[in-house]
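Reading through the structure tokens given below for one structure.
The values are calculated or read from the model by the stated rules, or taken from the named source; none is laboratory data. Because the structure is a prediction, the values reported are computed rather than measured. We place every Cβ from the backbone using ideal geometry, glycine too, and count neighbours over all the protein chains shown. We work out accessible area using only protein heavy atoms, side chains counted, and drop any ligands, DNA or RNA first. Shrake-Rupley method; radii C 1.70, N 1.55, O 1.52, S 1.80 Å.
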Amino acid sequence: MKKVLCFTLALVLLVCVSAASAKDVVIAFSQIGQESDWRTANTDDLRSAIENHPGWKLVYDDGQQKQENQIKALRNFITQDVDYILFTGVVSTGWDEVLKEVNEAEIPLLLIDRIPDCADKIDYVAAFGGDFVEEGRRQVAWAGEYLKKAGRGDEDVNIVIMEGTTGASAQTGRTEGNLKALKEYPHLKLVGQQSGNFTRAEGQAVMESWLKSIPKIDVLIAQNDDMALGAIDAIKAAGKVPGKDIIIVGCDSVKAAFDAIVAGEMNCTVECTPLYGAFVVPTIEGLEKGEKFSKQVIHPEEGVFDTDGGIDLGTVKSVKAADVISQRRY
Ligand code: GZL
């Protein structure tokens, strides 16, 4: 009888231990939406990095570019008592209350991509995302240096800025960088500034209206490549030549932008990598082992790609898109 009891006890213990060790690490991701090629690449990269990791499980929510959806998702993650939360906010404000609820639930929070304004008032374990101000500066500086190189440095040139989603840190940051750089190039005259909400369709619509209302546009700064590609459609429909009649500078460096640059329809794209798996995986692996991380937002190394390469922007020199297009992963 004693032996049977010991054997049963051992069996129960074995089942408990294996069940506990087999418990997946559940990582919940509140994603903004599917508004751009960048966003799709960001989702795909994180999904595959997490789902291909042994013992990890992804709980994913697509916010469809609505803050209320993301707030609901974060509260669901708390109810599900997930192990980690990855969060990027469609806009910068309005997250204080719900992120404090995440803190109270003691769920480790990783801030990625668009860092919320309340970051200094909440607890998070690590942060990673583009340097949007520098990306915006690079966009306008590239246009200024390109015109100088073409012997047009002293010519008054009309420039329009197509902004991303109003209130997103990617929009506010890039606009800050755009406007800061404009001061360095007094011949660049700002004649239009409007949001295209980071989507191709809205980028096309904004460009269509500008082509009807602004007599002469020489340069378009589009705060992401999808809006630049939409604008290219509008420019062609108006019988103008994109990349020549209107110089076009995008941001993100997605594959479709490389294709447009190689085709001569776009002139430059400033990189903002969406490939966050290489940051999130080692960070969560470290957290699982009790490692601590800096709260400093980590910015990835990013390049600038254009038609001919060799344009010096101080922090980076542009690279010819055609030379690297085959190595691009998104
Ligand atoms: C940048 C990211 C932006 C991209 C857009 O990190 O937040 O959102 O530039 C995307 O393409 O929609």
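Scanning residues 5 or more positions from Tyr60 or on other chains, those with amide H under 5 Å from its amide H are Phe29, with H placed 1.01 Å from N in the peptide plane. For the residues Ser36, Ser195, Ser294, a 1.4 Å probe over the protein chains yields an accessible-area ranking, largest first, of Ser294, Ser195, Ser36. Largest first, the residues Leu110, Leu287 sort by 1.4 Å accessible area into Leu287, Leu110.
Expressed as a rounded percentage, what relative contact order does the chain have, with Cα pairs under 8 Å and six or more residues apart? Reported as a whole number, the value is 15 percent.
Relative to the 2.2 N^0.38 Å rule of thumb, the chain has a C-alpha radius of gyration ratio of 1.18.
Applying 1/(1 + (r/R0)^6) with r as the Cβ-Cβ distance of Asp81 and Tyr330 and R0 = 35 angstrom yields a FRET efficiency of 0.60.
Residue-wise HN-Hα couplings along the stretch 291-302, as the Karplus relation 6.51 cos²θ - 1.76 cosθ + 1.60 with θ = phi - 60° gives them from phi, are 5, 10, 10, 5, 8, 5, 5, 8, 9, x, 5, 9 Hz; Gly and Pro carry x. Of the listed residues Val262, Val249, the order by accessible area with a 1.4 Å probe, largest first, is Val262, Val249. Here Arg47 sits with roughly 80 square angstrom of accessible surface, probe radius 1.4 Å.
Summarising the amide proton neighbourhood of Asn158: residues at separation of 5 or more, or on other chains, whose placed amide H is nearer than 5 Å comprise Lys189, Asp218, Val219. Subtracting the Cα-Cα distance of Val241 and Thr93 from 0.36 nm times their residue separation leaves 49.3 nm of extension gain.
Suppose a student asked you for the relative contact order of the stretch 134-241, using Cα pairs under 8 Å spaced at least 6 residues apart; what percent would you report? After rounding, I find 32 percent. Remark: the chain carries 45 Å² of accessible area per residue (probe radius 1.4 Å; ligands, DNA and RNA excluded). Computed over protein heavy atoms with a 1.4 Å probe, the carbon and sulfur contribution to the accessible area of the stretch 62-104 reaches 44%. Using heavy atoms of the protein chains and a probe of 1.4 Å, the accessible area assigned to Phe293 is about 70 Å².
Highest mobility in the GNM of the chain, judged by mean-square fluctuation with C-alpha springs under 10 Å and restricted to Lys100, Lys289, Lys148, is found for Lys289. Of all beta bridges that DSSP places with both ends in the chain, some 10 percent have antiparallel geometry. Ligands, DNA and RNA left out, the 1.4 Å accessible surface of the stretch 219-330 is 51% carbon and sulfur atoms.
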